[in-house]
1. For the range A:754-763, does any single residue satisfy the condition of being touching a Pro at 6+ places or on another chain (Cβ under 6 Å), more than 8 Å from RNA strand B (Cβ to nearest atom) and among the hydrophobic types (A, V, I, L, M, F, W, C)?
2. What tally of residues in the range A:467-517 results from selecting those that are without any contact (Cβ under 8 Å) to a residue 40 or more places away in the chain and closer than 30 Å to A:GLY235 by Cβ?
3. Pick from the range A:779-810 the residues that are near RNA strand B (Cβ under 8 Å from one of its atoms) and of a type in the set (Gly, Ala, Ser): which of them is surrounded by the fewest Cβ atoms within 10 Å (Cβ to Cβ)?
4. Condition test on A:GLY623, is it surrounded by 15 or more Cβ atoms within 10 Å (Cβ to Cβ), within 15 Å of A:ARG722 (Cα to Cα) and out of contact with any Asp or Glu (no Cβ under 7 Å at 6 or more places or on another chain)?
5. May I ask you to verify whether A:ALA1009 is open to solvent by less than 40 Å² (accessible area, probe 1.4 Å), more than 27 Å from A:ALA923 (Cα to Cα) and out of contact with any Asp or Glu (no Cβ under 6 Å at 6 or more places or on another chain)?
6. Quick check: anything in the range A:813-825 within 16 Å of RNA strand B (Cβ to nearest atom), open to solvent by 20 Å² or more (accessible area, probe 1.4 Å) and among the basic types (Lys, Arg)?
7. Among helices (runs of 4 or more DSSP H) lying entirely in the range A:533-589, which contain 1 or more residues that are within 16 Å of RNA strand B (Cβ to nearest atom)?
8. Which of the residues belonging to the range A:432-491 are within 17 Å of A:MET598 (Cβ to Cβ), among the polar types (S, T, N, Q) and in a loop (DSSP other than H, G, I, E, B)?
Amino acid sequence: MTTFNPNDIPSRFDFAEAQNRIFQMWESGGYFEGDPESEKPPYTVVIPPPNVTGALHLGHALNNTLQDTLIRMKRMQGFNALWMPGTDHAGIATQAVVERRLKEDEGKTRHDLGREALVDRIWKWKEQYEARILGQLKQIGSSCDWKRTRFTLDDVCARAVRHTFFDLFQKSLIYRGKRLVNWDTFLQTTVSDDEVFSKTVKGQFWHFKYPVIDPQPGEPEFVIVATTRPETMLGDTAVAVHPEPDRALDRVASELREKLKKSSDSEKASVEGQLEALAARRTDMLPKLEQLRDMAADGRKLMLPLMDREIPLVCDVWAKPELGAGCVKITPAHDPNDYEVAKRCDLPMINIMNRDGTLNVETGVYSGLTMKQARKKVVEDLDAIQLLKTVEDREIELPQSDRSKTPIEPYLADQWFVAMSELSQSAIDAVVEGQVSITPKRYERGYLDWLGEKRDWPVSRQLWWGHQIPVWTRACDSEAEVQPLIEAIQALPGFDKTVAAIQLEPCEETDADKRAKLELPFASVHVCVQSGCEEFENALEGMGLIREEDVLDTWFSSALWPHSTLGWPEQTPELACFYPTSTLITSRDIISLWVARMVLMGLNNCGEVPFEKVYIHPKIQDGFGETMSKSKGNGIDPLDVIAKFGADALRFGMAHLCTETQDVRLPVQFECPHCQHTFDQTKKNRILPKVSCPSCKKEFSTQWAESEEDRSLDKGAVISERFETARNFVNKLWNASRFAMLNLEGYEASPISEDDLTVEDRWMLSRLTTVSGNVTAYLEDFKYADATRELYEFAWHQFCSFYVEMLKDRFADEAKRSHAQRMLAYSLDCLLKLLHPVMPFITEEIWQNLAHICPERGWAKVETANRCIIDAAWPELNPAWRDEAIENQFSLYQSALSDLREIRNSQNIGNKKKVKFSIKCAADIGELLQPLGIYFSRMANAELVELGPEAVAPETSATRTTAEMEIYVDLDGLIDIEAEVKRLEKEKANLEKSISSKQRQLSNEKFVAAKPDLANEIRTSLSQAENQLATIADSLQKMTAKL
RNA sequence: GGGCGUUUAGCUCAGUUGGCUAGAGCAUCUCGUUUACACCGAGAGGGUCGGGGGUUCGAGUCCCUCAACGCCCA
């Protein structure tokens, strides 16, 4: 071990070297570990598990910085802190990545591999990427208890999932039903709504004629319907007309008139045109629409062409009388709106599609065709029998799968649902009654509204990667089969209510003939099996029950995260100690998907809310106000920021941006790998595979580089200059500490008596007390920006710029040296601790360096410093040290100092030239300033020659005034009269403005009557300002005379 | 379409319950290497607080309205 020598400390913090070393020291020292046996009060945070596939982005950096800052403060405050880490298996996202890779590298689909082999591959992928993402979190400095790292698909979580599913199944809160899903025919899976994007494409709008069966005299022989998807007509089960076409047209017209009032001139013509068209329509079409409505009411039926199926004419508001023919064909199994109509009108739903997107047996001769082929044939066939009326070109919105980039087909499928009514209510109550608080409070509303809808939660996903649903099913063709089957199951060895639960799902189709035709069973028997009962599962399979292939929605396992990670359903010591957790920190887009579901699952499984507080942090956008994403090319990799600025700067920058109301805008720059020049990213250059540096003109590659040539170029980092401030602050702190250590030679710890404290010592103690109190309160309230602003201001502009500067004089004085050293060590100690939660690495490094010279610290009481800052005690200073009088005294000094410096600047007097000055002020003010008078010399190279009521202005002087003082700088032989006159004139104008505004206020009788105290304050400051004005006017006159 | 939020200096943001001449960082300009730090120090310039209306003795702050932008849910 080398001996520590402060002279060896470099002038810059080598964060790249220190970060890994320090992190390993913490981790191997067990500092991150929560102890379930501890006597200390617990404080728990569970990480929002990042997707295993994803690389870390700045949103993660922000999210984890905030969690780490909080958990580090709590750890220092003496809590038994546990930050629970882990990753999410992220169902479709992960499977899609691996499948795409399989396709690209080997030209295979998942079906070529089979379920087991594919899942095996995904696990391997997961191992690789999980290590990467956890490594990234560690680089940020996250003090998670890494030994406890969980994965939503590992054994512990799987047991919790299975246990929960079984419990809900048994309570009949899980059931199977039909639902229209977004079907990706390429991946052959459902896709959630947020994985569907809409694309505008050129398409056609076909108008068909459906014959009316037995039209009454005067009634039309055909009904016209229009569609952009002709092939879906094979699954039509009705045609709808509006029940009140007259009123519907009126409403549209009145909406248009409203719009006309508001619209600009350019829009007016188009709206007026629409109104006219509507009026014409009312004349032409309304009688026909009303007739159709009456026909529907009368039970008229239509003949569905090509299929020769009778379908009803129904009334429903989904039909839009203002559009097309005013009638709409209803295909319940393949259109979300039609699905709703079918539910309202009790229509049959005919599924016409196979899982691969081809048409099924329901479509007769069209069976086996793709949608595209079927479209062509349907149109041709209709045309052949003269039922195709017209075709028009039109732009249509086509839903696409975000994963496979292929069109989405709406599809009716068997799905498992969680019944939400009771569960939602419990989660609503938890927030309404205050067991869970959400910060900022405005997010409560979205949470409550979403839960209030109590929509059942579809939890099946047609994937292979995930928790396979633990239900075994057998279809029974007749009623007679059901009871014997159930009895046989109950008679199986080991059957027990704790092992298996049975549900009977009768077929929706009650007509036996139809069931036979559609090959539907009479009923399905579902058996849910608890975990760890493989023999029973085998027995079920022996009886012909087949396990459900679908897996659960990822959010199902995420919903259990706060308790599953602690070992539930086992009653582990961890669960007893750390549940409910304390705080959850996450982003707003998953409040309903994740936060709400955790609350209701926590209540269901544990009987207690999963966390007491939820903090929703801002989202990060680029300089254009767009969300950052890899697909836009504007995503900043936190590791690039760490490489350039250091982890502490990244963290401080993040926390500094984290304000209450605003999302965070972070202008994005490229950094040239050749010359390190940084320049703004634009919407143009951020999508290029290579960019040339405007400074050195050399080219570098970006994330888009694909060609061999582009990829051979060095890659440019995507960063943000916004972290410079934080990096500079890190450097400032580093150098202030370096200075301290260079001056602490011969340090001896011993208590300082209160009587020996100087004014500046008392000021520092007062400031430390105030700042530590504020920072603590801010962090407890999630006011990260306020906390970091306070620390920045204090550390830089008070501790460094004043206290350390003043200590320099005291170090030079042998008699004062030892005392000054002790005060410096003490205040630096406090400052480091306050900064540690936000800037853990540099504070740990300085802390341990400091320990080499000052192992014992403190002013009133001396104690041996903790070995590591990470678990040093959080500063809790005696509130009695807050001293407003001292802080005011200090600000007098500061304002005098800044006036002196301003005079130096405006008079262009070099720093090396010593000046003399006087301060004229009341006697009591003079007494306050006296002890600080010596510091004018160091900080402004100015000598205070006279102080007090008797002070007079020298013959040639520059004058400044404050409310309490007049400052005269003797400028004999130095003065730039013109500059001084200019300055005085400006000052005079300012004062006059201020005075007249005060006078105006005071002459306002209502104001003086309403706020007498405030009026008095203004009177005082008015008289001060008038005095200042008199002084300035006097000086101005003298100076002008010399011109 | 419904809900939430934002609009303050060239840029990114603060601005408590309405109250004295609206603040910070970066950028710009001027000066400066005095025993920590040029990733530094001192100073300066720069804002009719998105538009309009209202309440009030007094509005960046409260209310109404319009506009633009962002997010969430349909």
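1. Checked the range A:754-763: at least one residue is touching a Pro at 6+ places or on another chain (Cβ under 6 Å), more than 8 Å from RNA strand B (Cβ to nearest atom) and among the hydrophobic types (A, V, I, L, M, F, W, C).
2. Residues in the range A:467-517 being without any contact (Cβ under 8 Å) to a residue 40 or more places away in the chain and closer than 30 Å to A:GLY235 by Cβ: 12 in total.
3. For the range A:779-810, the residue satisfying everything is A:SER801.
4. It is true that A:GLY623 is surrounded by 15 or more Cβ atoms within 10 Å (Cβ to Cβ), within 15 Å of A:ARG722 (Cα to Cα) and out of contact with any Asp or Glu (no Cβ under 7 Å at 6 or more places or on another chain).
5. For A:ALA1009, the condition - open to solvent by less than 40 Å² (accessible area, probe 1.4 Å), more than 27 Å from A:ALA923 (Cα to Cα) and out of contact with any Asp or Glu (no Cβ under 6 Å at 6 or more places or on another chain) - is not met.
6. Scanning the range A:813-825, I find at least one residue that is within 16 Å of RNA strand B (Cβ to nearest atom), open to solvent by 20 Å² or more (accessible area, probe 1.4 Å) and among the basic types (Lys, Arg), so the answer is yes.
7. It comes to A:554-558.
8. A:GLN435
The values are calculated or read from the model by the stated rules, or taken from the named source; none is laboratory data. Quantities reported herein were computed from a predicted structural model and do not represent experimental measurements. Here Cβ is always computed from backbone atoms with ideal geometry, including for glycine, and neighbour counts include all displayed protein chains. Protein only, heavy atoms only, side chains kept; ligands, DNA and RNA dropped before computing areas. Shrake-Rupley method; radii C 1.70, N 1.55, O 1.52, S 1.80 Å.
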